[in-house]
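So the structure is just underneath, and the comments pick up after that.
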Amino acid sequence: MSKTTGRKTYTRANKPLVWFPFAGGGLVAALMLPVMIFVTGIAVPLGLIDAEALSYDRVYAFAANPLGKIILFGVLVLPLWHAAHRFRMTIQDLGARTSGSRSVVAALCYGFGMVFTLLCLAALLSFW
Amino acid sequence: MDVIETDIAIVGAGGAGLRAAIAAAEADPSLSVTLLSKVYPMRSHTVAAEGGAAGVAKAEDSLDHHFNDTVSGGDWLCDQDAVDFFVAQAPKELIRTEHWGCPWSRTPDGKVAVRPFGGMKIERTWYAADKTGFHLLHTLFQTSMKYPSVKRLDEVYTTDLLIEDGRIAGVLAHEIRSGKPMVILARSVIICTGGAGRVFPFTTNGAIKTGDGMAMAFRAGVPLKDMEFVQYHPTGLPGTGILISEAARGEGGILVNKDGYRYLQDYGMGPPDPWPRKKAMELGPRDRLSQAFWQEQQKGRCIDSKWGDVMHLDLRHLGEAKIAERLPFIRDLALSYVGVDVVNAPIPVRPVVHYTMGGIHTDITAGTPVPGLYAAGECACVSINGANRLGSNSLTELLVFGAVAGRNAAAHARGVPMPSHTNALAQADGHRKRVVALLERSKGTESVVGLRTALNDTMETGCGIYRTEDSLRATVETLAVLKTRFANVAIDDKSGVYNTDLTGAIELGNMIEIGETMALSALQRTESRGSHQRLDHPARDDAAFLKHSMAHRVEGEAPRVEYRDVVITRSQPAERVYGGEAK
Amino acid sequence: MSRKPYEPTLPNTWWLEKPFYIRYMLREMTSFFVGAYVAILIVGLWQLSQGPDAWGSFLGVLSHPLSVIFHVLAFVFATFHTVTWFALTPRTTPIMRGDHFVPPGPIIGAQYVIWAAASIVVLAAVLW
Amino acid sequence: MSDTTTFTLEVLRYNPESDDVPHAESFSVPYQEDWVVLDALNWVKDNVDGSLTFRWSCHMAVCGSCGMMVNNEPVLSCKAFLRDYLKDGKGTITVGALKNFPVEKDLVIVMDSFMEKLEAVKPWIIRTTEKPVEEGTFIQLPKQLKRFKHHTSCINCLLCYAACPQVGLNPGFIGPAALALAHRYNLDSRDQGKDLRKDVTASEYGVWECTFVSACSEVCPKDVEPAGAIQEQKIESSIDWALDHLIPGRKAR
């Protein structure tokens, strides 16, 4: 027997604010991160690629260039927010069910994203 | 007992019930409509219809053609005023479902496509691939949700009609999940509970099609019309009885016997053209095709399979692309249930009980002899199907007469007062005792399954595709015994919550009453017409039987069968001609 | 004689029940490595802004064996992210051509081509 | 019926009048090669215990009544063949009520929540002006039909709700089937109600709760692809949200 009482009222959420960076970051991460991890975390440290590739002068020149700054910001901050959002949902999957615990998880994950976004901005804006 | 007051109560929320609810809500939004169903609406058996819904669509077609096909298909037992009304309303009703979002299959230019169907002179069957009933039901169900005046009572099982001073007063029901009895007082009641195929053991019908509405109307004094006419669909899957749509033949599928021979040409249906010729061979009417199977079986020309005698329905020549577009469900069903990919192998099929042409006696207004009581869909007999329904007329029928019932029930409701509580409650108490007795009887001597099996067996052996005086007499006698045995039936489940044992027992009681009207009406019709074939009376007898049988209930006795003239307006009875002879 | 529906709760270990769910959880856990990796790089960017010595010590940390182990893991997870992300694209953005949907194969294949091109560009830029 | 092997049908039963939690009960059932799990349940109900309670009707995988957990997978029991679960007609098959729903009794779930969610997404054609019947049908090209046809195939069997962990974790989530049906109407060339539906589908109970586990599409017996339908709606709703915030006055509608 169907009830016709107690229906929810629904209003549009502002979730796209986090979903957009999640989706965009997911795409950027998919295309860029494996090769970047390989270069910065594996190949250069193990000497598979000459350390000169990541020398201060080279990297500084790239990061000082306005176009380089834009690329770095996109490649770093979008995956950052992708990770923040997805990790938040993962913690919910693993058991954060009450609205209280969900708020805490959201604050921590998006807080992490915010802190590192600001750090990234500060670094990029500190030299030209 | 809970009492709910409503202007219009609709029992059954399949295609007809939903269409009626929408029509009533549109006719007068101030009227309250209560839609009761023993299942959730989308479980209703309309969902299983596959092939399509007939309505004149092409320029070269006409209402007259649709009329003539229907009347001759029904072996002139149709009321022609009703058929005229039906064919005229059909296209309008189908267009409405298109506006409501039904995903009808399309031609390349975006118009609704139509396919050929058995007994139809011109392509006029609208289809949504091969799941037309499913799409129609869900479209109607979802559309019904937008009308605030329609309140649903899902999984509420109606057991009886309440009558006051000869007019309808409401229904007695119980909520299945709580067992709570409830009286729904109503100014108008519409019965849309579907057919009673489950009276037979081997049927395309779902478990829910137990003739509840027919039985409750019958008990309330409404005659059941033309109950001897039970349609066998020529192509069901052996074993399960799953329907293989006539659309499979409409698209060009052929039927062959063990010699690979298209045997229908031996039964006046030829010539065996390699392409689908309308009203010929595999596109003949269902009664003729099912009877041809039986005849071949007598001659030992069926294919021997692990499920017994079958014929082969061959679709291979249609090719995979066409099958995928037009018959995807058929392919899925054959693969799942008989392990056959129709692209590579023929499907084993046999005739199986499919549709009850007879039902609650209604007129062209969908009204019954009880003022305020209406019926539509398979449970009703209006009658447009006569002695044999043409495939794809029933989906359209539930739209046309569902809508008529809804509108007329609304008009009636506006003109009469709400029935009195005292009277209705007293009556409901009386009926309720029958239900309570089933629950409280601690140890009966009879089981539901035992009686149901006995009912199924006797209907199959005595009241099948071909009937004789002896077989019918035996069945009638057996049914009389079953009726008395039913008084001792006991059930295992005594609980109030979701007691399917209880509903099963009530359904059984209903089916025994329905079976008795079928067998008795068949016994007394000493002629052969449409789906009713008597080996001892092989000819049609218009002098004596161009009449509807009307089975009336007599307390404590077998039903009394009377007759009523068929309405003939412009088509005089003639020979039914199919195959190359058909014009 | 009255209703008393049993209300089940989903255990927090639901994702261990089936390989399908475990695979999903592994996919979601890629976010940890994505987030950690870009956070490390952002820290590196900050070090870069602090001058050659700071950058040098950052590179030193990257060469630590623990760091290499982390990056190998991160590479595996990031690649898993890439594969799963590409596999889902035909379902998130179905494409119609004429009367039919484009089958998943070409859509997924096209992404691998783009991925390979992007990786080659990055490697070329690094090595050049 | 010469075949005499039997197998064990273990049914998770719950009687609200005597139980606090469901418990397993085993039945020995004769094996028939053509039988599905539903046939075995009916055999038990007819021959052993008439109080065994489950929903079923069509026995041809289209009415959607008989969804249940068979060996912990949500399936239509009328299409779950015994032979696919047993070896030589022997072994054990476990059956339980669909997950993520309250259990009324034995294998019967309470589906009120789904009915409310279905109604909430307004699954009907919405138009600013109705087309008169006299004007005939709409023109809908085969490619326009093809765009949404697969989403119309939902039989409301609720297997997807049983498979979706987000439904289990967050009972308010509108869920796969209802969101797929919303998308079906949004994509229909005859419909003009997308904006109204978005108030529901793009709410916090709507598409955002989905994490694309895609178990819904995996278990769907009718290839409705609810997972894809939800992702498409996320993208569209996000673009819509962005435009609302970038173009002054757009949101006022």
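The values are calculated or read from the model by the stated rules, or taken from the named source; none is laboratory data. Remember, predicted model here, so these are calculated numbers, not experimental data. Please note: Cβ atoms are built from the backbone with ideal geometry, for glycine as well, and neighbour counts cover all protein chains shown. Keep in mind that these areas ignore ligands, DNA and RNA; they rest on the heavy atoms of the full protein, side chains included. Shrake-Rupley method; radii C 1.70, N 1.55, O 1.52, S 1.80 Å.
Add -39500 (n - 2.57) for each DSSP H run of 4 or more in chain B, then divide by its residues: what number comes out at 222 nm, to the nearest 500 deg cm²/dmol? Walk me through the numbers before you get to the answer.
Numbers: 15 runs with 205 residues, N = 583.
Helices in chain B give a 222 nm mean residue ellipticity of -11500 deg cm²/dmol.
In Å², and per residue, what accessible area does the protein assembly as shown have when probed at 1.4 Å with the other protein chains present?
35
Based on Cα coordinates alone, diagonalise the gyration tensor for chain B, multiply each eigenvalue by 5, take square roots, and list the semi-axes in whole Å, largest first. Don't skip to the end; give the middle numbers.
Details: eigenvalues 258, 148, 105 Å².
The equivalent ellipsoid of chain B has semi-axes of 36, 27, 23 Å.
Straight distance only, please: which lysines reach the Cα of B:LYS225 with their own Cα at less than 16 Å, same-chain residues fewer than 8 apart left out?
Straight-line reach from B:LYS225, under 16 Å: B:LYS547.
How far, in degrees from 0 to 90, does helix B:328-338 lean away from the longest principal axis of the Cα atoms of chain B, to the nearest 10?
Tilt of helix B:328-338: around 90 degrees.
Please compute the modelled spin-label separation between A:SER99 and B:ASP304, points set 7 Å along Cα→Cβ, answer in nm with one decimal.
Taking the two extended label points, one gets 7.2 nm.
Per residue and in cubic angstrom, what volume does the convex hull of the Cα atoms of the protein assembly as shown have? Intermediate results must be reported in sequence, preceding the final value.
Working: hull volume 200.1 nm³, N = 1092.
Here the figure is 183 Å³ per residue.
For region A:92-128, state which residues have at least 30 Å² less accessible area in the presence of all protein chains than in their chain by itself, taking the probe as 1.4 Å and leaving out ligands, DNA and RNA.
A:ASP93, A:LEU94, A:ARG97, A:ARG102, A:PHE116, A:LEU119, A:ALA123, A:PHE127
Quick one: which bits of region D:128-147 get at least 30 Å² less accessible when the partner protein chains are in, versus the chain alone, with a 1.4 Å probe?
D:VAL133, D:THR137, D:PHE138, D:ILE139, D:GLN140, D:PRO142, D:LYS143, D:LEU145, D:LYS146, D:ARG147
For chain D, give me every cysteine whose Cβ has no other Cys Cβ within less than 4.7 Å, ordered by residue number.
D:CYS66, D:CYS78, D:CYS154, D:CYS157, D:CYS164, D:CYS210, D:CYS220
For chain D, what is the mean residue ellipticity at 222 nm derived from helices alone (per DSSP H run of n ≥ 4: -39500 (n - 2.57); sum divided by total residues; nearest 500 deg cm²/dmol)?
The per-residue figure over chain D is -9500 deg cm²/dmol.
Summed for both chains, how many Å² of accessible area, to the nearest 100, are buried between C and D with a 1.4 Å probe?
Working: alone 10590 and 13600 Å², together 21430 Å².
Using a 1.4 Å probe on protein heavy atoms, the buried area is about 2800 Å².
Applying the Karplus parametrisation 6.51 cos²θ - 1.76 cosθ + 1.60 with θ = phi - 60° to the phi angles of region B:506-519, what ³J(HN,Hα) value in whole Hz is obtained for each residue in order, glycine and proline being reported as x?
Coupling constants for region B:506-519: 5, 4, 4, x, 4, 5, 5, 5, 5, x, 5, 5, 5, 5 Hz.
Give me the one-decimal nm value for the distance between modelled label points at C:ILE69 and D:ASP84, 7 Å along each residue's Cα-to-Cβ direction.
A separation of 4.5 nm, rounded to one decimal place.
Can you work out ³J(HN,Hα) from phi for every residue in region B:148-164, in order, using Karplus 6.51 cos²θ - 1.76 cosθ + 1.60 and θ = phi - 60°, giving whole Hz and x for Gly and Pro?
These are the phi-based 3J(HN,Hα) values: x, 6, 8, 10, 9, 10, 7, 6, 10, 9, 7, 10, 8, 8, 10, 10, 10 Hz.
Angle, helix B:469-486 long axis vs. longest principal axis of chain B, Cα atoms, 0 to 90°, nearest 10?
Roughly 30 degrees between the two axes.
Taking B:LYS494 as the anchor, which lysines have their alpha carbon closer than 20 Å to its alpha carbon, excluding any fewer than eight residues away along the same chain?
Within the straight-line limit of under 20 Å, B:LYS494 reaches these lysines: B:LYS38, B:LYS180, B:LYS433, B:LYS443, C:LYS4, D:LYS45, D:LYS105.
Contact order normalised by length for chain C, with contacts defined as Cα pairs under 8 Å and 6 or more residues apart; what percent is it? List each step's numbers first, then the result.
Values: 46 pairs, mean separation 24.3, N = 128.
Once divided by the residue count of chain C, the mean separation gives 19 percent.
How high is the relative contact order of chain D? Use alpha-carbon pairs under 8 Å, at least six apart in sequence, and give a whole percent. Could the numbers behind the result be given before it?
Details: 417 pairs, mean separation 42.5, N = 253.
Relative CO of chain D lands at 17 percent.
What helices does chain D hold that run 20 Å or longer along their axis, going by alpha-carbon atoms, with a Kyte-Doolittle average of -1.0 or more, using DSSP H for the helix calls?
What comes out of the filter, once short or polar helices are dropped, is D:226-246.
Amide H neighbours of B:ARG529 under 5 Å, at least 5 residues apart or on other chains, H built in the peptide plane: list them.
It is B:ARG534, by chain and number.
Return one quarter of the surface area of the convex hull spanned by the alpha-carbon atoms of region B:193-291, equal to its mean projected area, in nm².
Details: hull surface 31.0 nm².
For the Cα atoms of region B:193-291, the hull's average projected area reads 7.8 nm².
With a sphere of radius 11 Å drawn around the Cβ of C:TRP14, what net charge do the other residues whose Cβ falls strictly inside it have (Lys, Arg +1; Asp, Glu -1)?
0
Which whole-Hz ³J(HN,Hα) couplings does region B:168-178 yield from phi under the Karplus relation 6.51 cos²θ - 1.76 cosθ + 1.60, θ = phi - 60°, glycine and proline marked x?
Once rounded to whole Hz, the list reads 5, 10, x, 9, 9, 9, 9, 6, 5, 6, 10.
Suppose R0 equals 35 Å. What FRET efficiency, 1/(1 + (r/R0)^6) with r the Cβ-Cβ distance, do C:PHE20 and B:GLU320 give to the nearest 0.05?
Using R0 = 35 Å, I get an efficiency of 0.70.
Treating cross-link reach as a plain straight distance, find the lysines whose alpha-carbon is under 24 Å from the alpha-carbon of B:LYS278, omitting any fewer than eight places away in the same chain.
Hits, sequence-local ones excluded: B:LYS58, B:LYS111, B:LYS121, B:LYS131, B:LYS322, B:LYS583.
When the accessible area of region B:280-400 is split by element with a 1.4 Å probe, what percent falls to carbon and sulfur?
48
Show me you know the interface measure: the accessible area buried between C and A, both chains summed, probe 1.4 Å, in Å² to the nearest 100. Working shown, then result.
Working: alone 10590 and 9580 Å², together 15590 Å².
Summed over both sides, the interface buries about 4600 Å².
Could you check how much of the accessible area of region B:429-541 is carbon and sulfur, as a whole percent, using a 1.4 Å probe?
53
Roughly how many debye, to the nearest 20, is the charge dipole of region B:529-583 about its Cα centre, given +1 on each Lys and Arg Cβ, -1 on each Asp and Glu Cβ, and no other charges?
Its charge dipole is roughly 220 debye.
For chain C, which DSSP H helices look membrane-span-like by this rule: Cα extent along the axis of 20 Å or more and mean Kyte-Doolittle of at least -0.5?
Qualifying helices, which must be both long enough and hydrophobic enough, are C:19-49, C:65-92, C:104-127.
Give the value in nm², to one decimal: projected area of the alpha carbon convex hull of region D:1-92, averaged over all directions.
Orientation-averaged projected area of the Cα hull: 6.2 nm².
Distance from the Cα centre of region B:81-156 to that of region B:497-569, in angstrom?
Using only Cα atoms, the two centres lie 30 Å from each other.
Take chain A, connect every pair of alpha-carbon atoms lying under 10 Å apart with a spring to form a Gaussian network, then pick out the residue of A:THR11, A:THR90, A:THR40 with the largest mean-square fluctuation.
Answer for the Gaussian network model of chain A: A:THR11.
In terms of modelled amide H atoms, which long-range or inter-chain residues lie less than 5 Å from the amide H of B:LEU162?
Residues meeting the amide H criterion: B:ALA169, B:GLY170, B:VAL171, B:LEU172.
Expressed as an acute angle from 0 to 90° and rounded to the nearest 10, what is the orientation of the C-alpha long axis of helix B:63-73 relative to the principal long axis of chain B?
Approximately 90 degrees, to the nearest 10.
Within region D:112-246, what whole-number % of the accessible surface is contributed by carbon and sulfur, with the 1.4 Å probe and all protein chains included in the calculation?
Carbon plus sulfur share of accessible area: 53 percent.
Report the residue, chosen from C:ALA117, C:ALA74, C:ALA39, that carries the largest GNM mean-square fluctuation when chain C is represented by alpha-carbon nodes joined by springs under 10 Å.
Of C:ALA117, C:ALA74, C:ALA39, the Gaussian network model singles out C:ALA117 as fluctuating most.
Considering only C-alpha atoms, what is the centroid distance from region B:309-385 to region C:66-128, in Å?
Between the Cα centres of region B:309-385 and region C:66-128 lies a distance of 48 Å.
Counting only DSSP beta bridges with both residues in the protein assembly as shown, what percent are antiparallel, rounded to the nearest 5?
On the way: 68 of 99 bridges.
Of all bridge pairs located within the protein assembly as shown, approximately 70 percent are antiparallel.
Under 13 Å from the Cβ of B:ASP81, count the other residues' Cβ atoms, weight Lys and Arg +1, Asp and Glu -1, and hand me the total.
-3
Amide H to amide H under 5 Å from B:LEU153: which residues, 5+ apart in sequence or cross-chain, H placed 1.01 Å off N in plane?
Amide H neighbours of B:LEU153, under 5 Å, 5+ apart: B:LEU35, B:LEU36, B:SER37.
Leaving out ligands, DNA and RNA, calculate the buried accessible area for the pair D and B with a 1.4 Å probe, summed over both sides, in Å² to the nearest 100. Walk me through the numbers before you get to the answer.
Values: alone 13600 and 20060 Å², together 28450 Å².
Buried area between the two chains comes out at roughly 5200 Å².
Put one equal scatterer on each alpha carbon of region A:16-125, apply the Debye formula with no solvent term, and list log10 I(q)/I(0) at q = 0.13, 0.14, 0.19, 0.21 1/Å to two decimals.
-0.60, -0.68, -1.04, -1.15
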